[in-house]
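Asker: One structure, as structure tokens, below. Some questions next.
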Amino acid sequence: MPEPPVQDDKAIPLGQRLFDNVFLLLIAGILVMAAIYTGWGLWEILTLPPATLP
Amino acid sequence: MNATDFRTCPVTARRIHRPAETLVKANAVVAVVSLLIGAIAAVLLVLTRWQAVHLLPAEWFYRILGVHGMSMLIFFIIFYEMAVLIFASTALINARIAAPKLGWAAFALMLGGATLVEVIMWAGKADVLFTSYVPLKADPLYYLGIILFAVGALLVCGIFFANLVVARREQTYTGSLPLVVYGAVTAAIIAVITLLHGAAIYIPTFLWSLGLMNVDPQVYRMIWWGLGHSSQQINVAAMVAIWYMLGALTIGAVVLNEKISRSAFVLYILFISMASAHHLLVDPGMGSAWKIVNTSYFMYMAVLASMIHGFTVPAGMELGQRLRGVGTGMFGWLRKAPWGDPGFSSLVFSVVVFGFVGGITGVTIGTEQINIIVHNTLRVPGHFHATVVSGTAMAFMGATYYLIPLVFQRKVAFWGLAKIQPYLFAGGMFIFVMSMTFAGTFGVPRRHWDISFSQAPFDVAFNPAVDVLLAFVALGGIIAATGAFIFVAIAVKSVFFGEPIGTLVPGVAVVGLPQGITNPPVHAADVDRRNEELHAPGQGWLGPAPGTMVLVFVFLAAFIVYFFVNWKVLSFVWKIG
Amino acid sequence: MLTETHTGLDSPRGNWWKPAHKSERTWVAIAFGWCIVLFAMMPLWQVKGGQNPSGIRRKVEPAAFFARTQEFIKQYQIGDDRGMPIVAPPPGSDIYLTAMSFQWTPILQLEQGKEYILHLSSLDVNHGFSLYPINVNFQVVPGYDYGLRVTPTAAGDFRIICNEFCGIGHHTMVGRVIVVDSTGTVPSQSGGI
């Protein structure tokens, strides 16, 4: 994890510090996709009931 | 690391790490070669779909369609993106490449994988098209080639992040990363998401092709599109980064507000990959809740991001012009812009066609229910040629006109042709995209060799307009391909046989060098004061970029009309539920 | 409220977490509102609209689905066209259409204005169900039974084009759906609009 940037301003707001943290964004990006698209999608497919073919 | 590894850029005064630069060059050259293969394939394809010519036999049509997809959407685009990632994480922040040897190993893996895939496809051992939906089966070496390529690309993403860490530690820049590099970070993160899905699907599929395991067709489609669509979202992020870069280089575009622009990139990181669901809206595997949440990028958060960039990029350009006193009135900044600079014209065409055509059609056809009248028709390739080709490829071409002098330190060859190339390419693609989209509204299928259905058991009679539209697809395609061939010729001649740029005198035009290089758009010393004035409340609610405000409302109006017209059309078809 | 004026190639220094100009905030707010409209249309159409891809979705053995299709054909066959059985099931029933390389089995004869539950599946690879010229498209995935409640709103002689690449004979894969009106006749034009 990189050190916080050397800033000429004392108070850097939390939002800016979060946005500057690329590894946090990397993890967040992977997790959101893995949970909402891939994980949920797999669960949808794998829990489909068998057809009754009425 | 020693000092001779660096040179100083005569234009931007940045410190350039030579080993990184060599890797950028290698990746860019392979990208251009892939573009050439893809463009040749494109000509063969449009001349086949033009029913009056119907050039290729069926077998070769499908084979070349696979070649076109892989060469363009994967090899051209991703090799170029690797060049962008290395360039952004070194040259733009005065940094060095953290692991040059690993960079070459990754390049070798990608090149080896791509070559293997091309050989297998041309040999007719992988007639499964770009998507290779299981259980259609290709030679195991085809899947292996893609895996090698993906591993190489993943390594480059790793090197990209390592470069950022090293740059921060060695303090090669102060403050936050430049916005353009931030866009590259976004592209790299989406690339990691994409490549993880690629690994998750191609490794099992490789084993399946060897008879070692089973792969479910629906699971394949779901995870494969996590690769297939997300890879095109890498493009979006890289393209937007290039928009900001070209705006700065050509007309001194400024960043209106860092928080807003970066928020848009963060929204991409979090939500844009979910759009992989666009391909699965009429699939049996997933329910409506999953479809709605995913196809909407979690309530259209990535669309919001694109609409933000669609404002901040042109507004930054407008403000950049106004700050330098170029142009007066609402649109003087556009009229007085350097339209003869291929970097600038490419930028404008990329923004306009990506937004107005690619963006609006993409969001509309990616709506859960509207997709019923769109899925697998020509409207789909119509849409993505507006985004990936008119948007991304056009932006990459524009960037190349600056990378040739800045990275390769050569003049741009065939300068006269270079000036008109963006017009040719964008114009041809526009004809192609519009004709294809309209043909799709008649229900003409994509990926289809013969819509005269001469060998089918039942006749299908398309509206005669379809024949005309497909002829226009061919016409537009050939014009655009000509633009692509000219681009390849310019790139190859410049890079391998080009004249060195020589000594530059600011303000003196040189044939073969874009205006942004011979006459850089420098802002005056009192730019902050001028900026303050343009932001003053007296400027009215349209703010510092009134021209752009007007343009984005025109865009929104077009979007609203197109979206609701499609709902109306949908309401006319059979009742389905 | 402004940071130092700079381009996207420069590193912004210090605190850039600052509010944007009113014009920019206005556009972001309008764009956000439009995104909510885009989103709301989908659940709204689920409730109010007549066309939704939700369906009855199940897993199925391809062979079992094909066997059920053949049983269905035997039950309701009224004739054939070029060797392909024509089946006229009663309104309201479950009807079966099997896709395989490179044909759609059987030919369905339906009544205008009546609802049927159309079951789609494939015996081999992915196929694309594209009803021409209505332009209604669904993905047909082997191993999955996609049950859609359909109501033909107009009579006619329709085609089913395969619009998912399924192999070298993909472009010959055309099926047929006949919709008769209340008098039991089919309008004369074939596949026209």
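Asker: To the nearest 20 debye, what charge dipole does the range C:56-180 have about its Cα centre, counting +1 at the Cβ of each Lys and Arg and -1 at the Cβ of each Asp and Glu?
Answerer: About 140 debye.
Asker: Helix B:217-228 versus the longest principal axis of chain B: what angle, 0 to 90°, nearest 10, using Cα atoms?
Answerer: That helix lies at roughly 20 degrees to the long axis.
Asker: Right, here's the next one. Under a point spin-label approximation (7 Å from Cα along Cα-to-Cβ), what is the B:PHE414-C:ARG149 distance to one decimal in nm?
Answerer: Using points 7 Å along Cα→Cβ, the separation is 6.0 nm.
Asker: Once you average over the residues of B:438-446, how many Cβ atoms of partner chains fall within 10 Å of each Cβ?
Answerer: Going residue by residue through B:438-446 and averaging, the value is 4.
Asker: Compute, for chain B, the length of the dipole vector about the Cα centre, with Cβ point charges of +1 (Lys, Arg) and -1 (Asp, Glu) only. Units Debye, rounded to 20.
Answerer: It works out to roughly 720 debye.
Asker: If you take the charge dipole of the range C:40-138 about its Cα centre, with +1 on Lys and Arg Cβ and -1 on Asp and Glu Cβ, which of C:ALA40, C:THR98, C:GLN51 is farthest toward its positive end?
Answerer: Farthest towards the positive end: C:ALA40.
Asker: Considering only B:ALA536, B:GLY428, C:ALA155, whose Cα is most displaced toward the positive end of the charge dipole of the protein assembly as shown, charges sitting on Cβ of Lys, Arg (+1) and Asp, Glu (-1)?
Answerer: Highest projection toward the positive end goes to B:ALA536.
Asker: Run lengths n ≥ 4 of DSSP H only: what is the helix-derived mean residue ellipticity at 222 nm for chain C, with -39500 (n - 2.57) per run over all residues, to the nearest 500?
Answerer: -7500 deg cm²/dmol
Asker: While we're on this one: Going by amide H atoms built from the backbone, whose H comes under 5 Å of the H on B:PHE6, apart from near neighbours?
Answerer: Excluding prolines and chain starts, which carry no amide H, the hits are B:ARG18.
Asker: While we're here: Using a Förster distance of 25 Å, how high is the FRET efficiency between C:ASP94 and C:THR183, based on the Cβ-Cβ distance and rounded to 0.05?
Answerer: 0.45
Asker: Taking 20 Å as the cut-off for C-alpha to C-alpha distance, list the pairs among B:LYS259/C:LYS22; B:LYS125/C:LYS59; B:LYS336/B:LYS419 that go past it.
Answerer: Violating the 20 Å limit, Cα to Cα: B:LYS125/C:LYS59.
Asker: Pull up all non-local amide H partners of B:ARG14: gap of 5 or more, or a different chain, and H-to-H distance under 5 Å with H placed in the peptide plane.
Answerer: HN-HN under 5 Å from B:ARG14: B:CYS9.
Asker: I would also like to ask the following. With point charges of +1 on the Cβ of Lys and Arg and -1 on the Cβ of Asp and Glu, referenced to the Cα centre of chain B, which listed residue (B:ALA31, B:ALA465, B:PHE331) lies farthest in the positive direction of the dipole?
Answerer: After comparing all options, I get B:PHE331.
Asker: Using Cα atoms only, what is the angle between the long axis of helix B:546-571 and the major principal axis of chain B, expressed in degrees (0 to 90) to the nearest 10?
Answerer: On a 0 to 90 degree scale, this one is about 10.
Asker: What FRET efficiency would be calculated for the residue pair B:THR328, B:TYR562, taking the C-beta separation as r and a Förster radius of 35 Å, to the nearest 0.05?
Answerer: 0.55
Asker: Going by alpha carbons, how many degrees (0 to 90, nearest 10) lie between the helix axis of C:22-48 and the longest principal axis of chain C?
Answerer: 20 degrees
Asker: Let me ask something else about it. Within a Cβ distance under 12 Å of C:PHE129, other residues only, what is the Lys/Arg minus Asp/Glu net charge?
Answerer: With Lys, Arg at +1 and Asp, Glu at -1, the neighbours total -1.
Asker: Follow-up. Please report, in debye to the nearest 20, how large the charge dipole of the range C:1-120 is about its Cα centre when each Lys and Arg carries +1 at its beta carbon and each Asp and Glu carries -1 there.
Answerer: Dipole about the Cα centre, nearest 20: 420 debye.
Asker: Here is a further query. Looking at the range C:3-92, which GluC sites (Glu not before Pro) are in a loop (DSSP not H, G, I, E or B) and have at most 14 other Cβ atoms within 10 Å?
Answerer: C:GLU4
Asker: With a cut-off of 16 Å, note down the residues of the range B:408-450 whose backbone N falls inside the zone around a label point 7 Å from the Cα of B:LEU504 toward its beta carbon.
Answerer: Label zone hits: B:408-413.
Asker: So if we plug the beta-carbon distance of C:LYS74 and A:LEU14 into 1/(1 + (r/R0)^6) with R0 = 60 Å, what FRET efficiency do we get, rounded to 0.05?
Answerer: 0.30
Asker: Which aspartates and glutamates, if any, have their Cα less than 19 Å from the Cα of C:LYS48, not counting same-chain residues under 8 positions apart?
Answerer: Leaving aside aspartates and glutamates fewer than 8 places away in the same chain, those within reach of C:LYS48 are B:GLU368, C:GLU115.
Asker: Using 0.36 nm per residue of separation minus the Cα-Cα distance, give me the extension gain between B:ALA524 and B:VAL569 in nm, one decimal.
Answerer: Residue separation times 0.36 nm, minus the Cα-Cα distance, leaves 10.8 nm.
Asker: Now for a separate question. Take A:LEU46 and B:ASP467, extend 7 Å from each Cα along the Cα→Cβ direction, and tell me the distance between the two endpoints in nm.
Answerer: According to this spin-label approximation, the distance is 5.3 nm.
Asker: Then there is this: With Cβ to Cβ distances under 15 Å as the rule, what net charge do the other residues near B:PHE497 carry (K, R +1; D, E -1)?
Answerer: Overall, the nearby charge balance is +3.
Asker: Using only alpha carbon pairs under 8 Å that are at least six residues apart, calculate the relative contact order of chain B and give it in whole percent.
Answerer: 15 percent
No value in this document is a laboratory result; all are computed from the given coordinates. In this text, all values refer to a predicted model and were calculated from it rather than measured experimentally. Neighbour counts run over all protein chains shown; Cβ positions are idealised from the backbone, glycine included.
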